[in-house]
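Working notes for the structure below.
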Amino acid sequence: MSNSTNFTENIPSVDNSKFNPGDIAWVLASTGLVWLMIPGLGFFYSGMARCKNALSLIMLSFLAVPVVSIQNAFFINVLLDVGPTPTTSRVPELVFAIFQGMFAAITPAIAIGSAAERTRLIPTLIFIFIWSTLVYDFIASWCWSANGWYSQLGGLDFAGGTPVHITSGSAALAFCIFLGKRQNHGIDEFKPHNITYVVLGTTFLWFGWFGFNGGSATAANIRAILACTVTNLAASFGGLTWMIMDYRMEYKLSAIGFCSGAVAGLVAITPGSGYVAPHYAVVFGICGGAICNLAVKLKHIFDYDDALDVFAVHGIGGLVGNILTGVFADKNIAALSGEVIMGGVINQNYIQLAKQLSSSGAGFMYSFIMTYIILLVLNKIPFLSIRLHHDKEVLGTDESDHGESAYYFVERVEKALNNIFLKPIPQQPLPQEANIHLY
């Protein structure tokens, strides 16, 4: 009790007049929107996988929240520091911290999708904590901290092109290469088991992305409005582009194609969402959808098993977004909230492209190498090997990790129907006369 009293006595009085209640409300609401993206990602991944792994993928994404939130429990001086955030003086530091905490939670959840259907739950959760500490936190700091090298270089990344997408895409590539292919990969048919889940997950992701990008303005202002506008446009054009490109194969308008393209468009617009005009968002959406669609073929060319195409959508999509931000970033849009930048190629600042590529390359290499090292070390520790045993992989991660099934009722009904309609017909003994004729 005394410790609690002493702690609260150290909290300075706060002058609430220097903070804007509307901005605080918007950033807190955006925190909830980004949180909603995490179970949305779980449903998206679950629907893309086979039914015996459906529940585990939802839970693995969801569990990233409490695992990463453990870091929030040990904030040092954040509650006491009521000064301005790195981007605005109108919201307290703690508001900005919890908002950014949701970014830190969803990033490793994105990465583990490449290793779907063949990872053990507990070692993967340990990996998430270590990875978010040694990889995500470092890259986020160099991009968004005022003292970060990329920030000081003049690089532009409004909402996480490098810290979230390139970092998770690169980690996903390292993860799936390290683990190897799923059992019977190339023999069995690995088709999405529940497209409704994919659509539902895309709905949550699209909805939450308004907070992801719009909330990164850390203020309820015109720049946040523009970020939400370009987010919606890029998702729309990305989804349509991917769906039209897939139409050439079977002359059908694929729901999965639209959902994948929408996510690709959202990924591409992320770094530039606070820097580009609405009409340029169309370019982000089309390029994101088209290039990520083509990038899916990389796993066939280089023969790796990225189960849910995480590298193609997030790694390549983040790179596309960073490059296009270097082209279309407008200093006049940044100035709407008082930020001073040189702009991109459209402002005759051609060197911005090199700056954008420096972050992309450094983020990719650091994340890939560190991810591989973390997996190597964990795999050497008894009881912490990441890969599922062959028998458990055949059984499915739902049963092997949770002892539960996403479709328990369906399985019971299926079993009952099989017992009724597929029950073997008992063999009747032949009459004695017929037995005689057989000889």
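A protection proxy built from the mean count of other Cβ atoms within 10 Å ranks the segments 200-210, 337-347, 156-166, 182-192, most packed first, as 156-166, 200-210, 337-347, 182-192.
A simple packing score, the average count of other Cβ atoms within 10 Å per residue, orders the peptides 144-150, 24-30 as 24-30, 144-150, with the highest score first. Based on a Kirkwood Rh over C-alpha pairs, give the Stokes-Einstein translational diffusion coefficient of the chain at 20 °C and viscosity 1.002 mPa s in µm²/s. Calculated translational D: 93 µm²/s.
Helices in the chain, meaning DSSP H runs of at least 4 residues, each add -39500 (n - 2.57). Divided by all residues, the mean residue ellipticity at 222 nm is -20000 deg cm²/dmol. Taking a Cβ cut-off of under 9 Å around Thr218, the surrounding Lys, Arg, Asp and Glu residues balance to a net charge of 0, with basic ones at +1 and acidic ones at -1. Across the chain, the relative contact order, built from alpha-carbon pairs under 8 Å that are at least six residues apart, equals 21 percent. With both labels modelled 7 Å from their Cα along Cα-to-Cβ, the Lys415 to Leu153 distance reads 5.7 nm. Could you pull out the pairs from Lys52/Lys297; Lys252/Lys297; Lys181/Lys392 whose alpha carbons sit more than 18 Å apart here? Among Lys52/Lys297; Lys252/Lys297; Lys181/Lys392, the Cα-Cα distance tops 18 Å for Lys52/Lys297; Lys252/Lys297. Between Leu384 and Gln71, the simple label model (points 7 Å from Cα in the Cβ direction) yields a spacing of 1.7 nm. For the pair Asn347 and Asn184, a Förster radius of 51 Å applied to the C-beta separation gives a FRET efficiency near 0.45, rounded to the nearest 0.05. Got a number for carbon plus sulfur as a percent of the stretch 171-280's accessible area, 1.4 Å probe? Here it works out to 64 percent.
Excluding same-chain neighbours fewer than eight residues apart, the lysines reachable from Lys331 by a Cα-Cα span under 22 Å are Lys355.
Using the heavy atoms of the protein chains and a 1.4 angstrom probe, tell me the accessible area per residue for the chain in square angstrom. Display every interim value, and only then the final one.
On the way: 20330 Å² over 439 residues.
So the chain comes to 46 Å² accessible per residue, rounded to a whole number.
The values are calculated or read from the model by the stated rules, or taken from the named source; none is laboratory data. Only a predicted model underlies this, so the values are computations on that prediction, with no experimental measurement involved. Methodologically, a virtual Cβ is constructed for each residue, glycine included, from the backbone with ideal geometry; neighbour enumeration extends over all protein chains shown. Side chains are part of the model used for accessible areas, which takes the heavy atoms of the whole protein and leaves out ligands, DNA and RNA. Shrake-Rupley method; radii C 1.70, N 1.55, O 1.52, S 1.80 Å.
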